[in-house]
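S.K.: This structure is in structure tokens; I'll ask about it shortly.
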Amino acid sequence: MAEDVPLRWLTVFLDFPAGTFEAGVAFWRKVTGSGLSPFRGTAGEFATLLPASGDAYLRVQRVLAGSGGCHLDLHVDGSSAALEEMADRAGALGASVRRREAGELVVADSPGGFTFCLVRWDGESAVPPPLLTGGEASRVDTLCLDVPPAQFQRECSFWTALTGWEPGPAPVPGFTGLRPPAGMPARLLLQRLDSAAPGQRVRAHVDFACSARERAVGWHAGLGARAVGGFAYWTVLADPAGREYCLVTREVSG
């Protein structure tokens, strides 16, 4: 299915409220081993986390309203017309298209309210290698969508159809993973929440794959994270800005 859809790369955006932007960016540079591009945007609100090698797939944004979170850019191969076709495809599948900018950018919300963008592919193809700390490896390899239970099946169907990626159950009940084609820097995982407030929108967090999770937890804590909860296969942490993310025990690729 993936070859029928012209998606060639994805970018995960970490969105920070203005008051925590500097501390949040400093922390994520450390835990990903990244450099930082020059700031850009009309108010200098965007920057890219630059890996030591490979192509970038993590970016940061300062937001003026709300509590921040994550959003996703999907990079479309082809002309401006191909981008517009993907936007039409998203709309037909149930997305709300909020903004179009001259065949270069489309901003939309999934049926459950998760914000994503369609952008032009710029030839990115080299997945960055894992970060090695003390001989142990870790890498951000997953964007996990946290979905209210009533929205779960619709979101799974939407993202499967939009990306063309094959869905499959995860080892833990309540999760569905979408398997990207080779060469993508991260996968999508959908988590069915146990409960949700009325009108709650789909949000997201990132997962690190870790070769030695307990050591990674200690290293992240030393950089300013705090532990929120522990489970059989993952540990939930919060960064200095309060953003929750997970360290997961699994093979680290890249």
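The values are calculated or read from the model by the stated rules, or taken from the named source; none is laboratory data. The model shown is predicted, which means the values in this text are computed figures rather than measured ones. All Cβ positions, glycine included, derive from the backbone under ideal geometry; neighbour counts span all protein chains shown. Areas reflect the complete protein model, heavy atoms only, side chains present, ligands, DNA and RNA absent. Shrake-Rupley method; radii C 1.70, N 1.55, O 1.52, S 1.80 Å.
S.K.: Using DSSP to call loops (not H, G, I, E or B), can you name the trypsin sites (Lys or Arg not before Pro) in segment 153-193 whose Cβ has at most 14 other Cβ atoms within 10 angstrom?
M.R.: Here no trypsin sites (Lys or Arg not before Pro) fit, given the DSSP loop and packing criteria.
S.K.: With both bridge residues required to lie in the chain, what share of the DSSP beta bridges run antiparallel, to the nearest 5%?
M.R.: Values: 53 of 74 bridges.
Counting only bridges with both partners in the chain, antiparallel ones make up about 70 percent.
S.K.: Run lengths n ≥ 4 of DSSP H only: what is the helix-derived mean residue ellipticity at 222 nm for the chain, with -39500 (n - 2.57) per run over all residues, to the nearest 500? Before the final figure, lay out the partial values.
M.R.: Working: 4 runs with 47 residues, N = 254.
About -5500 deg cm²/dmol.
S.K.: Just how far, in whole angstrom, is segment 227-254 from segment 134-178 if you go by their alpha carbon centroids?
M.R.: Here the two parts' Cα centres lie 15 Å apart.
S.K.: In square nanometres, what is the average projected area of the Cα convex hull of segment 30-117?
M.R.: For segment 30-117, averaging the hull's shadow over all directions gives 7.2 nm².
S.K.: Return P(r) of segment 9-75 (all Cα-Cα pairs; 10 Å bins starting at 0; whole %; ordered from short to long distances).
M.R.: Calculated P(r), rounded to whole percents: 22, 57, 20, 1.
S.K.: Something else: I need the GluC sites (Glu not before Pro) found in segment 183-254, filtered to DSSP loop residues with at most 15 other beta carbons within 10 Å of theirs. Don't skip to the answer; put the middle values down first.
M.R.: On the way: sites: GLU214, GLU244, GLU251; in loops: GLU251.
Sites meeting the loop and neighbour criteria: GLU251.
S.K.: If I compute solvent accessible area with a 1.4 Å probe over the protein chains, what percent of it on segment 116-178 is carbon and sulfur?
M.R.: Exposed carbon and sulfur together represent 58 percent of the surface.
S.K.: Let me make sure I get this right: for the chain, a, b and c are the square roots of the gyration tensor eigenvalues over alpha carbons, sorted descending. Under 1.5 in a/c it's rounded, otherwise prolate if a/b > b/c, else oblate. Which is it?
M.R.: rounded
S.K.: Now for a separate question. So how exposed is CYS156, as accessible area in Å² (1.4 Å probe, rounded to 10)?
M.R.: 20
S.K.: Among the chymotrypsin sites (Phe, Trp or Tyr not before Pro) within segment 168-254, which fall in a DSSP loop and have no more than 11 other Cβ atoms within 10 Å of their own Cβ?
M.R.: Sparse-neighbourhood loop chymotrypsin sites (Phe, Trp or Tyr not before Pro): PHE231.
S.K.: Moving on. What's the carbon and sulfur percent of segment 1-71's accessible surface, probe 1.4 angstrom, rounded to a whole number?
M.R.: On segment 1-71, the fraction of accessible area on carbon and sulfur atoms equals 55 percent.
S.K.: Can you give the accessible area per residue of the chain, in Å², using a 1.4 Å probe?
M.R.: 45
S.K.: Project the alpha carbons of segment 109-191 onto their principal axes and report the range along each, largest first, in whole Å.
M.R.: 43, 34, 21
S.K.: Would you work out the relative contact order for segment 30-97, in percent, from Cα pairs under 8 angstrom that are 6 or more residues apart? Don't skip to the end; give the middle numbers.
M.R.: Values: 55 pairs, mean separation 11.7, N = 68.
Relative contact order, segment 30-97: 17 percent.
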